[in-house]
């Protein structure tokens, strides 16, 4: 491993070990690789007992473990219980509570004419915690996070920002910059991070990371694939990774269809072309038998005066 990368991972470990809570952020419209790496890291940090959340301005829909944990807002875990449900203006008449024995009951009464609250749509979370670190995944700049950053700039100030990226244009904005511009994928980088943290990588984490590397390298055919990439893939397979690729189906290859002719165009009819005219009389050909009978050379009849001298007059006439 490169000495600079080893030193960066050591520094990164120190930041994560001393912090108890953090958030993993993704850019707007994150790639399969970014989602795979962030969810695997999320699962790994939870195994370490860290209170972390996942956030992206746009909700990805890839079939990867823990993708459902990605929220559209920057939230921090804490001691405050938050009860959330869909709400429209004026739908709630009043909120009350009572205590029955050892139970605390929160009572939400809908306004007349509005439907009652659907228990299946109620969500629970914690807030009010202190944010110790922010991890950015696959973001060359903080502005790449979109509204997640522009609407929460104050929450990024004074925090340890761990910048994990491989873009050539990365601006090294973090307090720790784990940036490897020659890496095949973010997932390969996160695998090294999890190994350096001493996290036990389970099957779900390995499967996510495998899918991320496969997507980023176009099924291991990219020029960025190295021996380290195949070693990482071998490690993930030994850890139980399920081989699956996630992404858009490839476009079919083949000849592009020719544009259709305008239906209003009238093709010329055969009668519109000039027709060649043929002579109805057959060609006069001398039969071969007659040609053979014609006198040739010495056999031909020679005029009797052929050997006599010829005298020409001045006018060109023959005497």
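Figure legend. Inter-residue proximity from the range 230-241: first residues within 14 Å of residue 186 (Cα to Cα), second residues assigned to a helix (DSSP H, G or I), beta-carbon distance below 6 Å, spacing 6+ or different chains. Indicated pairs: 232/188; 232/191. The residue that is surrounded by the most Cβ atoms within 10 Å (Cβ to Cβ), among those in the range 229-249 that are at pLDDT 95 or above and under 23 Å from residue 166 (Cα atoms), is 236. Looking across the range 40-61 at every residue that is assigned to a loop (DSSP other than H, G, I, E, B) and under 21 Å from the mean Cα position of the chain (by Cα), the one that is nearest to residue 146 (Cα to Cα) is identified as 57.
Got a sec? Which strands (runs of 3 or more DSSP E) wholly within the range 100-215 have at least 3 residues that are under 29 Å from the mean Cα position of the chain (by Cα)?
Details: elements: 103-110, 123-127, 133-137, 160-165, 176-179.
It comes to 133-137, 160-165, 176-179.
Of all residues in the range 130-145, none satisfies the criterion of being free of Cβ contacts under 8 Å to residues at least 24 places away in the same chain and under 21 Å from residue 18 (Cα atoms). Just one of (1) in a helix (DSSP H, G or I); (2) exposed (fewer than 14 other Cβ atoms within 10 Å of the Cβ) fails for residue 37. It is (2).
Residues checked against (1) crowded, with 19+ Cβ neighbours inside 10 Å; (2) under 23 Å from residue 9 (Cβ atoms); (3) in contact with a strand residue (DSSP E or B) (Cβ under 9 Å, 6 or more places away or on another chain):
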position: 130; (1), (2), (3): no, no, yes
position: 138; (1), (2), (3): yes, yes, yes
position: 143; (1), (2), (3): no, no, no
position: 166; (1), (2), (3): yes, yes, yes
position: 182; (1), (2), (3): no, yes, no
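Only residues that are closer than 18 Å to residue 145 by Cβ, touching a residue at least 60 places away in the same chain (Cβ under 8 Å) and in a loop (DSSP other than H, G, I, E, B) were counted across the range 8-34, and they come to 4.
Which is surrounded by fewer than 18 Cβ atoms within 10 Å (Cβ to Cβ) and modelled with pLDDT under 90, of 68, 80? Outline the logic, then answer.
Details: 68 fails: modelled with pLDDT under 90.
Of the residues listed, the single one that is surrounded by fewer than 18 Cβ atoms within 10 Å (Cβ to Cβ) and modelled with pLDDT under 90 is 80.
Please determine whether any residue of the range 130-153 is at pLDDT below 85 and either within 24 Å of residue 177 (Cβ to Cβ) or assigned by TED's automatic domain parsing to the domain that holds residue 34 (or both). Yes, the range 130-153 has at least one match.
Here is a yes/no grid of residues against (1) in contact (Cβ under 8 Å) with a residue 24 or more places away in the chain; (2) in contact with a strand residue (DSSP E or B) (Cβ under 6 Å, 6 or more places away or on another chain); (3) surrounded by fewer than 19 Cβ atoms within 10 Å (Cβ to Cβ):
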| site | (1), (2), (3) |
| --- | --- |
| 147 | yes, no, yes |
| 150 | no, no, yes |
| 155 | yes, no, yes |
| 169 | yes, no, yes |
| 185 | yes, no, no |
| 191 | yes, no, no |
| 194 | yes, no, no |
| 211 | yes, no, no |
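The values are calculated or read from the model by the stated rules, or taken from the named source; none is laboratory data. Since we're looking at a predicted model, the values are computed, not measured. Reconstructed Cβ throughout: ideal geometry from the backbone, glycine too, with neighbour counts over all protein chains shown.
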